[in-house]
Amino acid sequence: MKSYKSARFARLPISFLLHKKTLTTAIVLAVAGAAALLLSVGLGDMRMYPQEVVRAMLGSGAEEHRLVVHTIRLPRILAAFLVGIALAAAGSLLQGIIRNPLASPDIIGITSGASLAAVVFISYLSATVSIVWLPVAAMTGACLTALLIYMLAWRRGVTAIRLVLVGIGINFLLGSATKVLLLKNPAYTSSQAYVWLTGTVYGSDWGMVGMIAPWLAVFIPVAFALARHVNALQLGDDVASGVGSAVQRHRFGLLMISVALAGAAVAVGGAISFVGLIAPHMARKLVGSSFGGMLPISALLGGLIVVIADTISRTAFFTLRYSGRRIYGRRRRAFFHLPALSQSPCVSGNCHASHRDRLAYERRDKTDCISASSRLADHGRSNGFFCLYIL
Amino acid sequence: MERLSASPLFKTVGLALGLVLVAAGLFASMAFGLSTIGLSDIYRAATKYDAASNAQIIVHTARMPRAFTAAAIGACLAVAGALIQGLTRNPLADPSLLGINYGASCLIVFAVTRLSISSLPALTAVSFAGAAIAAIAVYMLGAIGRDGLTPLKIILAGAALSALFSSFTQGMLVLNEQGLSEMMFWLTGSVAGRSLEMLQAVLPVMAAGMIGALWIARHMNVLTMGEHTAQGLGQRTALIKIFAGIIVVALAGSSVAVAGPVGFIGLIVPTLVRPFTGSDYRWIVPYSAVAGALLLLSADIAGRFLIRPEELPVGIMTAIIGTPAFIAIARKGLAQK
């Protein structure tokens with residue numbers, strides 16, 4: 001039994017080996033991901049059958065269904081999926097270069113850097129600068145943090161151990177700084193604060209999806225192309241330089257790719273933790289630790305995990321606490337007040353304005369506020385449960 | 001100079017000086033804050049309390065419990081840190097970094113919100129259980145793999161578990177619709193607003209833990225020479241490790257029951273006192289206790305002034321002080337390995 005299948009082209013000067021098990025796993029996961037998306041779109045205050053979901057996505061079906069699918073659920077779920085992919089890919093990269101399965105962007109401080117920058121932005125700049133720049137602030141925060149960690153860990157070169165230890169320290173510091181800001185600004189309601197402490201994709205719209213997608217489209221292929229360098233680094237610094245890898249340069253480059261992915265994810269979803277930790281771990285169990293195969297599997301798993309976690313948190317607490325009908329009534333009222341929302345992908349500025357309006361409107365609605373915060377809570381928790389399951 | 005600083009007399013004098021400083025710190029903690037209170041009022045509040053005087057009420061109900069709590073917590077956490085550093089032979093170990101504090105606070109929050117437990121002794125027991133679960137989990141997680149308990153692995157395991165426990169804590173608090181300040185308390189720790197009864201409930205455990213730490217100190221000296229040497233010298237290392245672990249859990253658990261997961265004290269203090277004490281645990285333990293009390297008292301006082309009129313929880317203050325220390329140790333201490 002050969003476990004690899006070779007692919008050669010008659011015309012092109014390219015050939016490569018495909019790991020059969022990785023290929024089948026990837027296909028299974030992709031199908032599972034698509035199914036989870038469809039199911040997740042159908043679940044919630046308003047139940048829809050998968051065929052209704054498909055019809056609504058394609059633009060036919062009931063008006064109500066189309067509105068809910070296009071303006072609320074689909075962008076949110078897609079955002080969740082993309083955030084999961086980005087976090088998992090970032091985590092895989094980090095675990096590869098640090099050579100430890102417990103490393104992930106939220107543990108070595110990159111996530112908290114992005115969170116801090118976002119909170120600073122909201123506290124001090126949101127009066128003067130448009131909220132559209134928030135993701136940029138989060139990205140900048142992530143990059144600055146990564147550079148700071150890298151510089152502090154530099155001592156005639158950077159070793160994986162120092163990188164991770166300095167990262168953990170910085171993580172604590174930035175986490176504390178975020179908490180100081182949250183305490184200092186009484187304007188913060190706690191539910192807003194939780195976004196930056198726990199993370200959520202609540203209220204994501206097409207603008208957010210459009211914001212994270214390009215980062216994924218650029219950096220995941222780049223990471224994939226650099227897979228052989230990650231494989232070399234996984235062998236340890238000595239062996240890696242022995243096989244001709246420019247260890248320091250590659251480590252820096254891969255770290256920056258990981259930061260870009262994690263930063264984009266945080267900009268959209270806040271500090272969602274554990275996905276970057278577990279997804280690569282699960283992927284390694286499934287297909288082994290060769291990075292070229294592990295990356296896509298891990299990314300798909302990450303997307304799947306966040307979508308499932310988000311679906312659970314979105315649905316479980318409604319049925320538990322409030323009757324669905326009442327919430328739905330409130331919801332519908334909220335949406336019909338804001339006609340701008342029913343438009344599909346819009347130009348960024350307009351879109352964010354409407355997003356803000358919707359949030360502002362829903363904030364006034366006490367029930368929605370509570371359910372929003374309980375969703376946030378569950379995010380941390382369901383991710384936590386996943387982690388427990390793995391450990 | 002080397003000679004002098006190594007002599008027992010010098011060390012005893014140093015310890016006495018430290019105690020004097022702690023006493024001064026206690027007074028300062030009662031005197032300074034939003035309103036400054038004179039020494040005479042503090043003295044009278046302690047001896048013949050007059051409920052008609054505003055200043056005395058402040059001292060009696062708020063500042064005195066707070067000062068004593070800070071001192072006790074600081075001492076306990078510092079000693080727990082010293083022991084855990086010896087136990088893991090890792091200069092970066094600390095009850096909060098290894099997730100022990102967060103495990104305890106997570107279980108307390110669970111007991112309060114889900115099981116509606118509110119009696120202090122019960123909560124203290126719950127806190128120990130949480131600390132013990134976290135300690136065992138970190139140990140097991142860190143020991144997986146061929147090379148055993150490396151500093152990196154145990155720190156990473158601790159960081160992962162801290163993150164896990166604090167996200168559980170957050171989840172439970174948000175579901176119960178608790179405010180931001182309550183949330184901060186269980187996530188970072190604080191000594192504000194604690195009553196003396198709370199401290200009294202855990203004081204016996206703290207005292208027992210301290211005595212245990214002093215007793216185990218000389219065994220720790222043997223243990224830090226390395227597992228094999230210690231066994232060769234006739235020490236039952238497994239037993240000593242288990243005892244030391246229990247003491248750490250008792251000290252950390254009782255601290256968390258009163259003040260939440262205050263971090264980094266156990267990391268900084270033993271590192272700070274080592275230049276004075278050398279590596280002899282019989283000196284490190286008492287010095288850590290004194291220095292820990294002093295550090296937490298001063299961190300708490302400083303936290304009252306940094307973002308006036310709000311107050312910084314002491315847990316955030318210690319993280320702000322502790323992180324640079326952590327990074328410095330990480331750069332220096334582990335570079336040689």
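Here are the numbers for the structure shown:
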item	result
Residues of region B:24-42 satisfying the condition of being in a helix (DSSP H, G or I) and surrounded by fewer than 11 Cβ atoms within 10 Å (Cβ to Cβ)	B:39, B:40
Test: residue A:134 is at pLDDT 85 or above and away from every other protein chain (no Cβ under 13 Å)	no
Selection status of residue B:141, within 20 Å of the chain's Cα centre (by Cα) and either modelled with pLDDT of 85 or more or facing another protein chain (nearest Cβ under 8 Å) (or both)	no
Condition met for residue B:15 (in contact with a Pro (Cβ under 8 Å, 6 or more places away or on another chain) and not in a helix (DSSP H, G or I))	no
For residue B:160: the one exception among (1) under 20 Å from residue B:241 (Cβ atoms); (2) within 13 Å of another protein chain (Cβ to nearest Cβ)	(1)
Test: residue in region B:109-125 that is within 14 Å of chain A (Cβ to nearest Cβ), polar (S, T, N, Q) and over 29 Å from residue A:162 (Cα atoms)	yes
Subset of region B:63-78 (residues that are of a type in the set (Val, Ile, Thr) and either surrounded by fewer than 24 Cβ atoms within 10 Å (Cβ to Cβ) or modelled with pLDDT under 90 (or both))	none
Unique match (being among the aliphatic types (A, V, I, L, M) and over 18 Å from residue B:251 (Cα atoms)) among B:143, B:129, B:201	B:143
Matching residues in region A:113-133 - criterion: being over 16 Å from the mean Cα position of the chain (by Cα), in a helix (DSSP H, G or I) and not β-branched (Val, Ile, Thr)	A:116, A:117, A:121, A:123, A:124, A:125, A:133
Subset of region B:270-328 [without any contact (Cβ under 8 Å) to a residue 12 or more places away in the chain and away from chain A (no Cβ under 14 Å)]	B:274, B:275
Scope region A:240-279; condition part of a loop (DSSP other than H, G, I, E, B) and within 19 Å of residue A:158 (Cα to Cα); matching residues	A:243, A:244, A:245, A:246
Residues located in region B:170-195, provided they are more than 9 Å from chain A (Cβ to nearest Cβ), modelled with pLDDT of 75 or more and in a helix (DSSP H, G or I)	B:185, B:186
Which numbered condition residue A:237 misses (of (1) farther than 24 Å from residue A:31 by Cα; (2) crowded, with 23+ Cβ neighbours inside 10 Å)	(2)
Residues being closer than 30 Å to residue B:307 by Cβ, free of Cβ contacts under 8 Å to residues at least 24 places away in the same chain and either aliphatic (A, V, I, L, M) or touching a helix residue (DSSP H, G or I) at 6+ places or on another chain (Cβ under 8 Å) (or both) - total across region B:32-45	6
Residue identified as farther than 26 Å from residue A:297 by Cβ and touching a Leu at 6+ places or on another chain (Cβ under 8 Å) among A:115, A:92	A:115
Flag if residue A:168 is facing chain B (nearest Cβ under 7 Å), under 17 Å from residue A:104 (Cβ atoms) and either aliphatic (A, V, I, L, M) or surrounded by fewer than 20 Cβ atoms within 10 Å (Cβ to Cβ) (or both)	yes
Verdict on residue B:93 being in a helix (DSSP H, G or I) and in contact (Cβ under 8 Å) with a residue 40 or more places away in the chain	no
Only one of A:298, A:273, A:289 that is within 25 Å of residue A:21 (Cβ to Cβ), crowded, with 24+ Cβ neighbours inside 10 Å and in contact (Cβ under 8 Å) with a residue 40 or more places away in the chain	A:298
Tally, over region B:225-250, of residues that are farther than 26 Å from residue B:103 by Cα and surrounded by fewer than 16 Cβ atoms within 10 Å (Cβ to Cβ)	10
Residue within region B:117-137 that is at pLDDT 80 or above, more than 25 Å from residue B:70 (Cα to Cα) and surrounded by fewer than 19 Cβ atoms within 10 Å (Cβ to Cβ) present	yes
Among the residues listed as B:207, B:230, the single one being without any contact (Cβ under 8 Å) to a residue 12 or more places away in the chain and under 16 Å from the mean Cα position of the chain (by Cα)	B:207
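The values are calculated or read from the model by the stated rules, or taken from the named source; none is laboratory data. In this text the structure is predicted, and so the values were computed from the model without any measurement. Glycine gets a Cβ as well: all are built from the backbone with ideal geometry, and neighbour counts include every protein chain shown.
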